[in-house]
1. Setting aside same-chain residues fewer than 8 positions from Lys719, which lysines have a Cα under 19 Å from its Cα?
2. If I stretch the segment between Glu322 and Arg621 completely, what's the gain in nm (0.36 nm per residue apart, minus their alpha carbon distance), one decimal?
3. Please sort by residue number the GluC sites (Glu not before Pro) in region 538-624 whose DSSP state is loop and whose Cβ has at most 13 other Cβ atoms within 10 Å.
4. Rounded to the nearest whole Å², what accessible area per residue is found for region 521-588 with the 1.4 Å probe?
5. In whole Hz and in residue order, list the ³J(HN,Hα) couplings for region 298-305 that follow from phi through the Karplus curve 6.51 cos²θ - 1.76 cosθ + 1.60, θ = phi - 60°; x for Gly and Pro.
6. Sorted by mean Cβ packing within 10 Å, highest first, what order do the peptides 326-339, 398-411 take?
7. Run the reach check for Lys264 against lysines, Cα to Cα strictly under 22 Å, same-chain hits fewer than 8 apart removed. What comes back?
8. Run the accessible area of region 589-666 with a 1.4 Å probe and give the carbon-and-sulfur part as a rounded percent.
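The values are calculated or read from the model by the stated rules, or taken from the named source; none is laboratory data. Computed from a predicted structure; not experimentally measured. Glycine gets a Cβ as well: all are built from the backbone with ideal geometry, and neighbour counts include every protein chain shown. We work out accessible area using only protein heavy atoms, side chains counted, and drop any ligands, DNA or RNA first. Shrake-Rupley method; radii C 1.70, N 1.55, O 1.52, S 1.80 Å.
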Amino acid sequence: MSNSSTTVLEPQKASLIGVKIERVDLPITGMTCAACARRIERKLSKAPGVASAGVNFATARATVEYDPDATGIVALIDAVKAAGFRVREFSDAGSGVSAEDSERVAREAEYKELRRKFWLAATLSLPVLLIAMSHGRISLLSSSGVNWLQLALVTPVVFYCGWQFYSGAWAAFRYREADMNTLIAVGTGTAYLYSVAATLFPGLFIAATNREMAGMGGMTPQAPVYFEAASVIIALILLGRLLELRARGRTSEAIRKLVGLQPKTARVIRDGSELDLPVEEVLPGDIVMVRPGEKIPVDGVVTDGASAVDESMLTGESLPVEKVAGAEVFGATINKTGAFSFSATKVGRDTVLQQIVRMVQDAQGSRPPIARLADQISGIFTPVVISIAIATFVVWFMTAPVEVRFVMALNTFVSVLIIACPCALGLATPTAVMVGTGRGAENGVLIKSGASLEIAHKLQTIVLDKTGTITRGYPALTDVLPVKDVEEDDLLRLVAATERKSEHPLGQAIVRGAEERNLKLSEVSGFNALAGHGVEATVEGRALLLGNAKLMAERGVALNGFEEHAARLAEDGKTPVYAAVDGQFSGLLAIADEIKPESKAAISAMQRMGLEVVMMTGDNRRTAEAVARLVGIDRVLAEVLPEDKAREVKRLQAEKKLVGMVGDGINDAPALAQADVGIAIGTGTDVAIEASDITLIRGDLRAVVTAISLSRATIRTIKQNLFWAFIYNIIGIPIAAGLLYPFTGWLLSPVIASAAMSLSSVSVVVNSLRLRRFHPQKLHRRGAERRKRGR
């Protein structure tokens with residue numbers, strides 16, 4: 001992984017049509033549903049100097065892009081306050097670790113407060129519920145005394161435990177809007193106020209049936225009260241909110257894991273002294289020491305020593321990476337063996353880890369297009385539900401028997417309001433996006449936005465750049481074929497000694513091949529480069545001639561039938577190099593840009609997913625088709641100039657296909673930008689990564705399979721969530737309105753309605769959390785098993 005793969009993940013500042021745009025994430029408190037998020041979003045979007053604003057209900061975070069010359073963070077916070085909400089204290093600078101810690105502390109405080117309110121509401125509601133269920137059979141108090149007892153128990157539940165719903169409803173009313181709080185406040189408030197009035201002035205509410213019962217049984221007439229509806233509903237909604245908050249906290253677990261990897265201190269050499277400093281105080285250029293088993297605190301370049309470093313937390317690669325002087329190291333990775341020192345290059349929020357954290361936060365805060373439907377519906381949902389509730393009250397009051405019409409009308413009115421709270425609708429998309437993008441980051445796949453996540457699951461064609469994507473990106477020695485009576489290592493030793501003087505990439509590949517075999521290379525004399533043909537030199541007193549077939553022919557060197565071997569190597573995409581010693585042909589060496597060992601399996605997996613795989617390269621057609629044949633690709637676009645790559649992608653799109661482009665070089669950037677989804681290999685260039693929608697931290701094509709599979713799993717989960725959220729309301733509201741009563745005599749209790757509403761929200765979050773079980777290794781294992789079975 002090169003340093004270049006990290007510099008463009010910084011999303012804090014951008015330039016847009018000549019205007020400097022900055023971005024800030026504001027942690028919001030007080031949101032209870034998607035309607036709250038929309039209200040804040042509209043208020044921020046209308047603020048002067050704001051280019052765009054998005055509010056994510058699941059993350060409780062507003063992401064604002066603004067012109068710093070026209071507005072500032074204080075003004076943005078004031079806009080949030082004007083919408084009726086608050087901004088929690090946050091840090092807009094530094095490493096980002098303290099900000100994450102403060103959010104965790106705030107979530108824990110909110111959870112504790114909700115838990116305290118729930119237990120108080122549950123404790124006070126239980127006797128009220130028992131009284132209601134006894135239907136007057138409790139004789140410890142008079143009937144009027146029972147009502148006064150219920151009033152005493154329920155009042156703290158309404159005005160303390162449930163106050164947040166009433167204050168939220170009032171805030172929405174001030175802005176001529178309605179949200180989830182409105183439904184809860186109107187429903188429980190109506191039940192409570194009616195019951196208070198019936199307790200204070202029972203004579204006004206005594207029904208005809210009560211008079212008959214009093215005359216028949218001598219009982220004191222009693223006005224019906226619904227204290228249990230108000231208190232138990234509040235207790236159940238608090239329980240649902242408590243479970244929801246706990247589950248939502250788990251959706252951001254990937255962020256917490258990443259941030260938790262950052263070590264707290266660093267061992268720095270300053271003025272000849274060894275100091276243990278907080279990691280926030282490390283400066284670029286500081287010399288940092290790392291011992292075996294320790295975490296590397298910041299990014300840097302090794303200056304002394306050597307070791308093997310576990311980079312699995314960044315790349316997902318399980319094997320440690322060897323580090324020597326000049327190698328890059330990254331913060332939060334683990335030093336496994338030797339001790340070494342390095343010069344810090346990136347600290348604080350500039351480290352790879354922090355940039356990954358910010359990219360994941362950006363993706364979690366964005367909304368995919370599929371969320372627009374839920375946004376549009378939830379925008380008109382509450383007013384429609386209130387209208388349905390009022391209509392339900394009127395219908396039952398007019399059609400039900402006189403002695404029970406008010407009871408039935410009130411019950412159905414409250415039930416409709418409570419069961420229709422749109423929490424599940426607001427949580428359906430963001431919770432799945434949060435878990436999906438977080439899981440991707442844990443597996444080395446950085447998805448930049450919700451839109452990219454959604455489009456990726458619809459891709460039909462994947463275009464793969466050859467060099468550096470399918471292949472390693474540099475030439476390597478692949479074959480040594482000596483003539484009879486010549487040892488392979490002897491031939492390679494003489495040829496590599498000759499090529500050590502050459503600057504040609506093919507010659508350097510031969511030298512690396514000899515070094516990998518630990519061959520000792522002799523000194524060379526009389527070295528002469530033959531432009532366009534090869535080289536000649538004297539090694540160990542022997543005359544070496546290396547080059548192409550044309551050079552051999554010009555020097556009169558007979559190839560002894562090795563032409564067939566050379567042709568076969570060329571068909572496989574390899575470059576043959578002919579070697580002659582003392583004027584006699586001695587053998588062939590082959591050099592090629594080797595195919596990555598995982599490329600064929602990854603391409604096979606893409607094809608099994610129903611994707612058309614296309615290879616695009618600037619190489620000659622013969623070499624391109626040889627590589628394509630080896631990895632199982634049928635469609636090849638060869639000899640494509642860098643400036644034509646985007647045009648080729650556009651041509652594929654003209655075939656009515658959604659196209660994904662995978663590449664790593666500067667010349668791939670236009671094609672990555674043109675594609676419906678650009679996927680950059682993280683070992684590539686900054687420009688390629690900046691132009692892409694998805695970044696793969698390591699240069700492994702199997703991560704493309706992971707990205708697309710994760711996209712499909714996430715969108716499938718979102719659709720499941722939206723289905724259950726919609727179907728819940730489509731079925732629940734008519735039942736709450738009493739649709740089944742004429743056929744079954746059954747009415748939905750407001751208490752049952754509140755339990756169902758809470759359960760729907762929790763079920764959506766829990767369904768999203770199933771994405772945490774997504775494992776790309778299982779995908780690769782299943783693919784390998786299919787190949788073994790010959791499928």
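1. Result set, ordered by chain and number: Lys458.
2. Stretched fully, the Glu322-Arg621 segment lengthens by 104.0 nm.
3. For GluC sites (Glu not before Pro) across region 538-624 that sit outside H, G, I, E and B with at most 13 neighbouring Cβ atoms in 10 Å, the list reads Glu540.
4. On a per-residue basis, 49 Å².
5. Per residue, the Karplus-derived 3J(HN,Hα) values read 9, 7, x, 10, 5, 10, 7, x Hz.
6. By packing density, highest mean first, the sequence is 326-339, 398-411.
7. Result set, ordered by chain and number: Lys295, Lys336, Lys346.
8. Solvent-exposed carbon and sulfur of region 589-666 make up 51 percent of the total.
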